[in-house]
Amino acid sequence: MRAQLYEPNTGPNIQKEKEIVKEMIELYCRKNHHRDKLCKNCQDLKSYAVLRLSLCRYGEGKSACMYCHIHCFKTKYREEMRDVMSYSWPWMFLYHPFFSIKHVFNGQSS
Ligand SMILES: [Zn+2]
């Protein structure tokens, strides 16, 4: 049923992914919009992305968002997120040990 409510996800994989998404958006905004704090647009994108993760129907078993066939992001946000990802993800390799983020980019590890 479309109207069915899902329990918000609170598991460790989702939490980790939220952290990474937030960092990526913050990095992108800092480097591209030259703000000390997130601009309104990026703030909006961040809230949206975190919300989508909370409501992801795959929960802890989810694969990487970019490989998911559901595409739960609205087009506007999906396009913005694609820009953020393509800009920020090489930086994430500098800031994080590879193994901690490979889940996000390589899909399911198991
Ligand atoms: Zn921004």
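Just so it is clear, none of the values below were taken in a lab; they were calculated from the coordinates. These numbers were taken from a predicted model, which means no experiment stands behind them. A quick note on method: Cβ atoms are made from the backbone with ideal geometry, for glycine too, and the neighbour counts reach across all protein chains shown.
Values as computed for the structure displayed
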| quantity | calculated |
| --- | --- |
| So ARG52, is it assigned to a helix (DSSP H, G or I), away from the ligand (no atom under 13 Å from the Cβ) and free of Cβ contacts under 8 Å to residues at least 40 places away in the same chain | yes |
| Residue match in region 59-68 (condition: of a type in the set (Gly, Ala, Ser) and not in a helix (DSSP H, G or I)) | yes |
